[in-house]
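Below is one structure, written out as structure tokens; comments come after it.
The values are calculated or read from the model by the stated rules, or taken from the named source; none is laboratory data. No experiment lies behind these values; they were computed from the predicted model shown. FYI the Cβ positions are ideal-geometry reconstructions off the backbone, even for glycines, and counts take in every protein chain you see.
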Amino acid sequence: MYRYDEFDHAFVNSRVAQFRDQVGRRLAGDLTEDQFKPLRLQNGLYLQLHAYMLRIAVPYGVLSARQMRKLAFIARKWDRGFGHFTTRQNLQLNWSKLEDAPDMLAALAEVEMHCIQTSGNCIRNTTADPYAGVAPDEIEDPRVWAEVIRQWSSIHPEFLFLPRKFKVAITGAAEDRAAIAFHDIGLRMVKGRGENAGKIGFGVYVGGGQGRTPYVALPLNDFLPREHLLSFLEATMRVYNLHGRRDNIYKARIKILVNALGVDEFRRQVMAEWSKIEKPSIDLPASEYQRIAKYFAPLALAPKPNEDNVIAARRASDAGFARWLRNNVMAHKIAGHRIVNISLKEPGKVPGDATSEQMEAVAALAEQFGHDEIRVTYQQNLVLPTVALSDVGKVYDALLSSGLATGNTELITDIIACPGLDYCSLANARAIPVAQEIAKRFADPAKADDIGPLRLNISGCINACGHHHAGNIGILGVDKKGTEHYQITLGGSPKDDADIGSILGPSFPAEEVPDAIETIIGVYTSGRISKAESFLQTYRRLGAKPFKEALYGPSKSSTQRIVEEV
Amino acid sequence: MSKLWKNSRFVNDTFVVVDDAAPLPQATPVIVSLKRWRESRGELLALKAPIGVAVDATAEFDVATDDLGKLALIAIPFAKFTDGRGYSLARRLRDTLTFEGEVRATGEVLIDQIPLMLRCGFDSFVVSHAPTLRTLEAGHLSVVREVYQTAVYGRARTTPSFGRVPVLEAAE
Amino acid sequence: MASAFSPQVVTANRLRVGDVVYLAANDDWVPELTDASVATDAAQLSALEAIAAKAVASQQVVGVYAIDVDVSAGSPKALSVKERIRAARGPTV
């Protein structure tokens, strides 16, 4: 992984000193809250429902064991001994203090971490395929470019006061595991064709996003030679910065500009800007690319047999282990190695939360068996990207003793949930208790296995931090005359077949949600052609009708009920 | 009470802002609107004094006819400090249009944004916010000197190399 | 004329630490909603808000706003789910 050099160290230390000075001026009264708020947000500090919240950047979801231990330490020393991994691959601490924040940032800087631009109307932490560098289907390791973007976007003087926040996601693999279609800019590394044959570049997608106006990103550039990434991003950002709406916060994201202009006109404006930019002054010099790429050189691992007798024997005798192996352990690009997913979704627990002790347990596993690497996924889980197959049993045993061995990756209990009204001042309804009740309802592993791959996402408000639009089943918390209600959407997908879910009908009170989900699952399991047909495939084949009828009855059309509800 | 900050110190403002309807003073540096510059270029050039143009944050310069080379100053407003369009306008002026005159920031110019403005090509600042005035008087600019981007700094362009550019030192 | 004013309490967070607080008697900011001063008409609310504005200006608190409360049981109780969770000073899970 990338390591800071003297310059990077000096940069984050300067940033800590700057924020310490800004906090001092705020407490002394030289800065009003209005003037201070964008500054603290650009250092990851929110004022939430109960307290300040610090959002720590995990650049493109990559952590070392030492960094994870420091996160555990910070959570214990200045917070309440746990943290919440987010859909932006970051970590949130819910009980921070303004007066402690500079010290927390200084502690992060010691391990080459920061909170820069984890909030605010600026370019946020770039998210990436959590299997980057180890996935068998990878064209090129996207982490090199994610790090390039991290450096380029950090305190980019032109783009700190954009109309609204700006999120970039990148993948270098054939399968999209970074939900690039739901980002302001999605980057997919592609092999060139025709005149670009033999080259590697980016497919650039723009204007995706969730929130109250969800859009799937549109193609902006089919093949951007990778060496021009930064000048092209700069041109795109400049068009957005100058022309994105600033009169209405709900219409300020780039997706609104792109869809108002039409993607062709937006592309024309970007190309016009790009043609005027002096590219060599912006683009990454080859020497700098080489310097950064060296840090992401593949591990020098000897291929090993892809079968292991001990593992095979245990799989046959230990159902829990077999399930975990089947659901959480993925193929690695080097034979005899595996990608191990660590679920933070034990049914009944808070999705994405980890205690300091659990963070330390994962750090120890990364040191002992995982080549010192940990990833955070946007599904709010962790990954040990490289574990020898022969060590997988030992990793499982250690996870089991830390309460981290739930074998439910991408199953119905692997729920994405935002903090909701339990922590968030923007929320309309709680998300965590609903996630817990649903997970408990499907806690029987055999039941979850039978249902198969299913993305269930819950947001506590229309801002959609819980990605409900992209869930095969999405749940949105709404405030209905002072009570928490939940709207259900079906058919969303965050993957290559990206789609936005459709609202099924009127909302339900919290206590009826698990039953409603069970009804929906019942329609799927009785309607699927075979167990090989996923929930999403069945939904797409059958349409919403049988699900609506099962939930609301055939007598009334759901549109009527929506009208009545409004 | 606003003051003009330039080259790391407060200086007297030699320019006079002239409303569109007001008569043009003789032999005095003036700042007029882009509209007036476009309409009365001949009259303005005949004044034989430095001419500045105040634009709004939506300004689209017409490279073919705006004759930016004849201008001594372009003033860009920050109606609110959170309105970041001015940064992109300044970079267009410096990078794309290679404007060499003074680029002046007006409006809500606050201490924590001045370093960003400097890096985008602004080189003078009309400041009225009291704590900002006080902090500038004290010569205390809270700034991250290490920068990852190539970016203009006043008239001095940095070497085109990614990162590792101690930009702010260059012009102090 | 009968007033349609619903009883309100003024809340904020302490600037330095972020704790949720409520404005109480003697210009004090207290952690328990039940100890807060209740405004029962617009004039009382304005008075509380004026005190709060001073506390903002002196860097004591941040994020001031008024919330609706139920006083039928004597001490104030938050009406909305959000404010009930906030007054409990922690998540429900």
Fill in the blank from the handout: With criteria (1) in contact (Cβ under 8 Å) with a residue 60 or more places away in the chain; (2) among the hydrophobic types (A, V, I, L, M, F, W, C); (3) facing chain A (nearest Cβ under 8 Å), B:Cys120 comes up short on (1)
Practice task
Of the conditions (1) in a helix (DSSP H, G or I); (2) more than 24 Å from A:Ala316 (Cα to Cα), A:Asp397 clears all except one; give me its number.
Solution key: (2)
Practice task
Answer with yes or no whether C:Ile51 is assigned to a helix (DSSP H, G or I), at negative phi and touching a helix residue (DSSP H, G or I) at 6+ places or on another chain (Cβ under 6 Å).
Solution key: yes
Problem - Residues of region A:26-58 satisfying the condition of being out of contact with any helix residue (DSSP H, G or I) (no Cβ under 7 Å at 6 or more places or on another chain) and of a type in the set (D, E, K, R) - result: A:Glu33, A:Asp34, A:Lys37, A:Arg40, A:Arg55
Handout entry: Among the candidates A:His243, A:His228, A:His183, residue that is free of Cβ contacts under 8 Å to residues at least 40 places away in the same chain and not aliphatic (A, V, I, L, M)
Key = A:His243
Fill in the blank from the handout: Checked region B:2-57 for anything among the hydrophobic types (A, V, I, L, M, F, W, C), touching a residue at least 40 places away in the same chain (Cβ under 8 Å) and assigned to a loop (DSSP other than H, G, I, E, B); matches are B:Phe15
Problem - Candidates C:Ala55, C:Ala66, C:Ala42, filtered to the one that is within 14 Å of another protein chain (Cβ to nearest Cβ) and either more than 9 Å from the chain's Cα centre (by Cα) or of a type in the set (A, V, I, L, M) (or both) - result: C:Ala55
Problem - Residue among A:Pro130, A:Pro102 that is outside any loop (DSSP other than H, G, I, E, B) and in contact (Cβ under 8 Å) with a residue 24 or more places away in the chain - result: A:Pro102
Fill in the blank from the handout: Within region B:2-22, residues closer than 24 Å to B:Leu110 by Cβ and aliphatic (A, V, I, L, M) come out as B:Leu4, B:Val11, B:Val17
Practice task
Considering each of A:Val392, A:Val434 in turn, give the residue that is in a helix (DSSP H, G or I), of a type in the set (Val, Ile, Thr) and outside the structural domain of A:Val340 (by TED's automatic domain parsing).
Solution key: A:Val434
Problem - Residue check for A:Ser317: within 14 Å of another protein chain (Cβ to nearest Cβ) and more than 17 Å from A:Val387 (Cα to Cα) - result: no
Fill in the blank from the handout: If we keep only residues of region B:61-116 that are in a helix (DSSP H, G or I), small (Gly, Ala, Ser) and under 14 Å from the mean Cα position of the chain (by Cα), then the residue farthest from A:Phe159 (Cα to Cα) is B:Ala90
Fill in the blank from the handout: Scanning region B:79-95 for residues that are in contact with a Cys (Cβ under 7 Å, 6 or more places away or on another chain) and at the interface with chain A (Cβ under 7 Å from one of its Cβ atoms), the one modelled with the highest pLDDT turns out to be B:Tyr87
Exercise for the section: Give the residues of region A:266-293 that are part of a helix (DSSP H, G or I), at the interface with another protein chain (Cβ under 8 Å from one of its Cβ atoms) and closer than 15 Å to A:Arg238 by Cβ, sorted by residue number. Expected result: A:Lys276, A:Ser281, A:Ile282
Practice task
Determine whether A:Gly477 is buried (at least 24 other Cβ atoms within 10 Å of the Cβ) and either within 14 Å of chain C (Cβ to nearest Cβ) or not in a loop (DSSP other than H, G, I, E, B) (or both).
Solution key: yes
Practice task
May I ask you to list the residues in region B:118-141 that are of a type in the set (Val, Ile, Thr) and either outside any strand (DSSP E or B) or more than 11 Å from the chain's Cα centre (by Cα) (or both)?
Solution key: B:Val127, B:Thr132, B:Thr135
Exercise for the section: Output the residues belonging to region A:340-370 that are polar (S, T, N, Q) and part of a loop (DSSP other than H, G, I, E, B). Expected result: A:Ser343
